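Working notes for the structure below.
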Amino acid sequence: YFSNELMRSLLVILCLVSFFLLPGQYAAGQVNLINTGWLRTHNLQTSEGKIQPVLDGNFPLNLLVFLSPECPLSINYTKTLNSLAEQFSGKANIIGIIPGRSYSLGQADSFARDYKLRFPVFIDTDKKITGLVKATITPEVILFDRKGEIIYRGAIDDWAVDLGKKKISATDP
């Protein structure tokens, strides 16, 4: 169904870290974004100010990335996320989500531009998708398949080992 290279790369994402993975947070199939109607009916504002659908049901995989423009980890992971967006272009849909009302449209747009994000960034002002998928921290990723089943939720990798403590590089692929 997927090429070996794609599966290996996706396993890297899936196997990457557990530090921020909260107990009981992972539950495959817990929320189905297609069956809830969310894919078909919900739009959010992009960091550029456009109102548009967040998800594209045409991709085999969708990765929601919850970010905060002032979070040091979110900022530090922009390079990794840009690399993933480039590597999986056309194969996986990477979507940035800034939850809540803490950041203005201008701040979200500056964040996307300053870090040259290669994926769309949306502002979830009312935390509709954030609440639906039970995202709790930034950065946090939630990977789901074309059917809308959650495959993985948690950290991007094991680079950050504790608050303010990081490895030189991630070691857990």
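The values are calculated or read from the model by the stated rules, or taken from the named source; none is laboratory data. If you're wondering where the values come from, they're calculated on a predicted model, not measured in any experiment. All Cβ positions, glycine included, derive from the backbone under ideal geometry; neighbour counts span all protein chains shown. Side chains included, ligands, DNA and RNA excluded: accessible areas come from the protein's heavy atoms. Shrake-Rupley method; radii C 1.70, N 1.55, O 1.52, S 1.80 Å.
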Worksheet item: How far apart, in nm, are two points set 7 Å out from the Cα along the Cα-to-Cβ line at K147 and at T80?
Response: 2.9
Fill in: HN-Hα J in Hz across the stretch 138-152 - Karplus 6.51, -1.76, 1.60, θ = phi - 60°, x for Gly and Pro
10, x, 9, 10, 9, 9, 9, 8, 4, 6, x, 7, 6, 9, 8
Practice prompt. Enter the accessible area per residue of the stretch 36-131 (Å², integer; probe 1.4 Å; all protein chains in place).
Written response: 48
Worksheet item: Which value, in Å² rounded to 10, gives the accessible area of S47 with a 1.4 Å probe and all protein chains present?
Response: 10
Worksheet item: Going by average Cβ neighbours within 10 Å, how do the peptides 61-68, 146-153 rank, with the highest at the top?
Response: 61-68, 146-153
